[in-house]
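What follows is a single structure, written as structure tokens, with notes after it.
The values are calculated or read from the model by the stated rules, or taken from the named source; none is laboratory data. The model shown is predicted, which means the values in this text are computed figures rather than measured ones. So basically every Cβ, Gly included, is an ideal-geometry build from the backbone, and we count neighbours across all protein chains shown. Side chains included, ligands, DNA and RNA excluded: accessible areas come from the protein's heavy atoms. Shrake-Rupley method; radii C 1.70, N 1.55, O 1.52, S 1.80 Å.
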Amino acid sequence: MKITIELYGRLRDAGFGPSVEVDAPEGASAKEVLAAVRAAFGAKASLLEGAALASEASVLNPDDVARGARLAALPPVCGG
Amino acid sequence: MPELKTRAFVTDHPIRPEELLYLVAKPGHGATNLFTGAVRDHHEGRVVRAVTYDCFRPLAEKVLAAIAEEAASKFKAHVAVAHRVGRLDVGEISVAIAAGSAHRGEAFAASREVIEQIKVRLPVWKKEHYVDGDGAWLDGCALHK
């Protein structure tokens, strides 16, 4: 099924816009969805180094099911 | 009604630090501490004219609230924290943290804890804009180690 993954930080400037749509089976894990995002990024996949998948509620562990109203790929954070 | 010991928010508008200090000032607090982070005009030898802060907002609000609550509980303090997003010019405040407690040790420690946790947990990213027209996203801390 198609899943929309929002992009933040340096991922937003990668040329894909504010989000990418990837194919993932229902019940896919966070690491599987991130792998699909890396595939979608192609030659720019290195931008996803250190990235985590998150929902609007929490950062997902790699083996967590990728589930949430919004899913986002988050590069290493830099707040403050 | 239970007393609210923390206040945390993400904003698109200029932060007024005095408002955060007001939130943590209580009769029982002999100490209040205020930390502000502002956009600096230089970074690694380059002259900075502005910084754009990006944010995954729904999660950032939850994480910021959790950080404030953890620090308030750990140090028996009241904590108010605001993080601004969008484009900020040099000198503008990006983050403000106010902590109030009975004694100064807890207030200092609580505000320090909040900024250190923001640096490694808050889903916010910075893009510096340089006077030569170039721009760069800063390296950060991976959320999974």
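Take the residues in segment A:33-56 that are facing chain B (nearest Cβ under 7 Å) and part of a loop (DSSP other than H, G, I, E, B); name whichever of them is nearest to A:F16 (Cα to Cα).
Initial filter on segment A:33-56 (facing chain B (nearest Cβ under 7 Å)): A:50, A:52, A:54, A:56.
Subset that is part of a loop (DSSP other than H, G, I, E, B): A:50, A:56.
On the way: A:G50: 19, A:E56: 21 Å.
Among those that are facing chain B (nearest Cβ under 7 Å) and part of a loop (DSSP other than H, G, I, E, B), it is A:G50.
Looking only at segment B:94-125, which residues are open to solvent by less than 30 Å² (accessible area, probe 1.4 Å) and not hydrophobic (A, V, I, L, M, F, W, C)? Selection gives B:S94, B:G100, B:S101, B:S111, B:P123.
Checking the structure you have, find out if any residue of segment B:54-67 is of a type outside the set (D, E) and away from every other protein chain (no Cβ under 14 Å).
no
When the residues of segment A:1-16 are filtered to those that are part of a loop (DSSP other than H, G, I, E, B) and closer than 25 Å to B:H129 by Cβ, which remaining residue is nearest to the other protein chains (Cβ to nearest Cβ)? Let's see the steps before the verdict.
The initial filter retains those residues of segment A:1-16 that are part of a loop (DSSP other than H, G, I, E, B), namely A:1, A:8, A:14-16.
Checking the rest, the ones that are also closer than 25 Å to B:H129 by Cβ come to A:8, A:14-16.
Details: A:Y8: 5, A:A14: 10, A:G15: 14, A:F16: 15 Å.
Here the residue is A:Y8.
The set of residues in segment B:25-39 that are touching a helix residue (DSSP H, G or I) at 6+ places or on another chain (Cβ under 9 Å), open to solvent by 30 Å² or more (accessible area, probe 1.4 Å) and outside any loop (DSSP other than H, G, I, E, B) comprises B:T32, B:L34, B:F35, B:T36. Residues of segment B:81-120 that are in a strand (DSSP E or B) and among the small types (G, A, S): B:A82, B:G86, B:S94, B:A96, B:A98, B:A99, B:G100, B:S101.
Each row is one residue, and each column tells you yes or no for (1) open to solvent by 20 Å² or more (accessible area, probe 1.4 Å); (2) within 16 Å of A:G80 (Cβ to Cβ); (3) under 17 Å from the mean Cα position of the chain (by Cα).
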residue	(1), (2), (3)
B:D41	yes, no, no
B:E44	yes, no, no
B:R49	yes, no, no
B:P58	yes, no, yes
B:L64	no, yes, yes
B:A68	no, yes, yes
B:K74	yes, no, no
B:A80	no, yes, yes
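Applying the criterion of being closer than 18 Å to A:D23 by Cα and not β-branched (V, I, T) to the residues of segment A:57-68, the residue that is most open to solvent (accessible area, probe 1.4 Å) is A:R67. Within segment B:108-120, if we keep just the residues that are in contact (Cβ under 8 Å) with a residue 12 or more places away in the chain and out of contact with any strand residue (DSSP E or B) (no Cβ under 7 Å at 6 or more places or on another chain), the residue that is nearest to A:S55 (Cα to Cα) turns out to be B:Q117. Each residue in segment B:121-133 was checked for being closer than 30 Å to A:L53 by Cα and either within 11 Å of another protein chain (Cβ to nearest Cβ) or without any contact (Cβ under 8 Å) to a residue 12 or more places away in the chain (or both), and 8 of them qualify. Here's a check for you: in segment A:17-32, which residue that is assigned to a loop (DSSP other than H, G, I, E, B) and out of contact with any helix residue (DSSP H, G or I) (no Cβ under 7 Å at 6 or more places or on another chain) is nearest to the other protein chains (Cβ to nearest Cβ)? Only one residue fits best here, namely A:G17.
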